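Chemist: Below you will find the structure I want to go over with you.
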Amino acid sequence: MITNKFELENCEHKVKYNIIHEEIPLDMSPELMRAIEYLLWYVPDISSIQSKDNELVSNLLYDDFTFEEIAKYMNLKDEDILFTESIPRKIEQYYKDEICICKQKIIMTKGFEETKTSATLRHIRNAIAHGYFTVIENLLIGFDYKMVQNGKEECKAIFKIRPENLLKALENLDTELTTEKLVKRGLEICGYEVRHWTVRKDSDKAFDLSAKKGDKKFAIEIRKFKPSKDNKSLYIDHNHIIELVELFEGLFKDIIPLLIINASLLSEQSKDYLLDHSVIIMDAKNIKKLLAGRDILGEIIRDRRF
């Protein structure tokens, strides 16, 4: 959990730098060049035709989980991270013209209903796009400024990070940061033993995960659906739900089917059909409760009437 432990470096040997590139073009490592390519074109939810949607990045329900994973990849600790409504002038000045090269830091402002991950990627991308960055002894230092009233600039972000750590985080956004990993983490927090589904030789049933707690066993299927672009229907086609139920049919009687899905896209007919076939439905709000340590799945099992 990201807390308020941020602290400025106690450094006696700061290195002076100039944000203006003395060598043109700036000599950049392969890791930094590749990270910039990701930031400009490929990171989720930006205005690039190459960008893909990733609700783990943009959805506030997953904010803490996603950013904590990103922070791990970037090797950032609690005391290296600050999210704030505004950046005090003294902090801005502390990192201007000279820095401690031993530690990484990110100081970010965040938009209304913007996730920490989205804000971090946006600010780094802006700073690089506007040229307000440089590299000092393999440390990327940058500032994101926004024009405010009276033509003045206001500092919205400061970062000094290792390019190789940034690249690692960017590369893992789509490959390692998955709904499957999120579900697995939430269940494990609540005491479930979670594994990838093992397909038996005499069975064609394949699910995303299996889970066990006490005498309860689960077959877990994770499905991602988006609202129909043609706006003809607000809900998932009921035939898809029938196919999902058929997938669960034939499980051993002691295995409980669990479907992770956006419940708002299920019609009442589909919800009733799933419940009539003993399929438990869980969505993002349920997963957030699991991540917070509340065994909502156990509560559903306890309270269901079949």
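The values are calculated or read from the model by the stated rules, or taken from the named source; none is laboratory data. Quantities reported herein were computed from a predicted structural model and do not represent experimental measurements. Cβ: placed from backbone, ideal geometry, glycine included. Neighbour counts: every protein chain shown.
Chemist: Pick from L56, L76: which is hydrophobic (A, V, I, L, M, F, W, C) and either in the same structural domain as G293 (by TED's automatic domain parsing) or at pLDDT 90 or above (or both)? Explain how you work it out, then say what you get.
Modeler: Details: L56 fails: either in the same structural domain as G293 (by TED's automatic domain parsing) or at pLDDT 90 or above (or both).
Among L56, L76, only L76 is hydrophobic (A, V, I, L, M, F, W, C) and either in the same structural domain as G293 (by TED's automatic domain parsing) or at pLDDT 90 or above (or both).
Residue-wise test of (1) touching a helix residue (DSSP H, G or I) at 6+ places or on another chain (Cβ under 8 Å); (2) β-branched (V, I, T); (3) modelled with pLDDT under 90.
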position: K212; (1), (2), (3): no, no, no
position: K216; (1), (2), (3): yes, no, no
position: K224; (1), (2), (3): yes, no, yes
position: S228; (1), (2), (3): no, no, yes
position: K232; (1), (2), (3): no, no, yes
position: I242; (1), (2), (3): yes, yes, no
position: L247; (1), (2), (3): no, no, yes
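Chemist: Here are the criteria: (1) over 16 Å from L40 (Cα atoms); (2) modelled with pLDDT of 95 or more. Tell me which single one I124 does not satisfy.
Modeler: The single condition I124 does not satisfy is (1).
Chemist: Inside segment 99-194, counting only helices (runs of 4 or more DSSP H) that do not spill past its ends, which hold 3 or more residues that are surrounded by 17 or more Cβ atoms within 10 Å (Cβ to Cβ), assigned by TED's automatic domain parsing to the domain that holds I20 and not aliphatic (A, V, I, L, M)? Working first, answer last.
Modeler: Details: elements: 116-129, 163-175, 179-189.
Those helices (runs of 4 or more DSSP H) span 116-129, 163-175.
Chemist: Then there's this: I91: under 21 Å from E12 (Cα atoms) and part of a strand (DSSP E or B), yes or no?
Modeler: Values: under 21 Å from E12 (Cα atoms): yes; part of a strand (DSSP E or B): no.
No: the conditions fail for I91.
Chemist: What pairs can you find where one residue is in segment 32-49 and without any contact (Cβ under 8 Å) to a residue 12 or more places away in the chain, the other is surrounded by 15 or more Cβ atoms within 10 Å (Cβ to Cβ) and of a type in the set (F, W, Y), and their Cβ atoms are less than 9 Å apart, with a gap of 6+ or different chains?
Modeler: S48/Y42
Chemist: Sort out which residues of segment 1-45 are touching a helix residue (DSSP H, G or I) at 6+ places or on another chain (Cβ under 7 Å), over 20 Å from K90 (Cβ atoms) and charged (D, E, K, R), and write them in order of number.
Modeler: Correct list: E31, R34, D45.
Chemist: When you go through I70, I49, I36, I19 one by one, which is the residue that is within 20 Å of N126 (Cβ to Cβ) and in contact with a Phe, Trp or Tyr (Cβ under 8 Å, 6 or more places away or on another chain)? If you could, list the steps in order and put the result at the bottom.
Modeler: Values: I70 fails: in contact with a Phe, Trp or Tyr (Cβ under 8 Å, 6 or more places away or on another chain); I49 fails: in contact with a Phe, Trp or Tyr (Cβ under 8 Å, 6 or more places away or on another chain); I36 fails: in contact with a Phe, Trp or Tyr (Cβ under 8 Å, 6 or more places away or on another chain).
I19 is the lone residue from the list that is within 20 Å of N126 (Cβ to Cβ) and in contact with a Phe, Trp or Tyr (Cβ under 8 Å, 6 or more places away or on another chain).
Chemist: Quick check: is even one residue across segment 68-81 surrounded by fewer than 18 Cβ atoms within 10 Å (Cβ to Cβ), in contact (Cβ under 8 Å) with a residue 12 or more places away in the chain and in contact with a Leu (Cβ under 7 Å, 6 or more places away or on another chain)?
Modeler: For segment 68-81, residues surrounded by fewer than 18 Cβ atoms within 10 Å (Cβ to Cβ), in contact (Cβ under 8 Å) with a residue 12 or more places away in the chain and in contact with a Leu (Cβ under 7 Å, 6 or more places away or on another chain): absent.
Chemist: Select from segment 241-284 the residues that are assigned to a helix (DSSP H, G or I) and closer than 18 Å to K213 by Cβ and list them in ascending order. Steps first, please.
Modeler: From segment 241-284, those assigned to a helix (DSSP H, G or I) are 241-248, 263-265, 268-276, 284; that's our starting set.
Those that are assigned to a helix (DSSP H, G or I) and closer than 18 Å to K213 by Cβ: none in segment 241-284.
Chemist: For segment 1-58, give me the residue count where each residue is buried (at least 17 other Cβ atoms within 10 Å of the Cβ), farther than 22 Å from Y145 by Cβ and of a type in the set (G, A, S).
Modeler: 1
Chemist: Here is a follow-up. Please verify whether E22 is over 26 Å from the mean Cα position of the chain (by Cα), closer than 17 Å to I101 by Cβ and in a loop (DSSP other than H, G, I, E, B), treating the condition exactly as stated. Can you show your working first?
Modeler: Working: over 26 Å from the mean Cα position of the chain (by Cα): yes; closer than 17 Å to I101 by Cβ: no; in a loop (DSSP other than H, G, I, E, B): yes.
So E22 fails the test.
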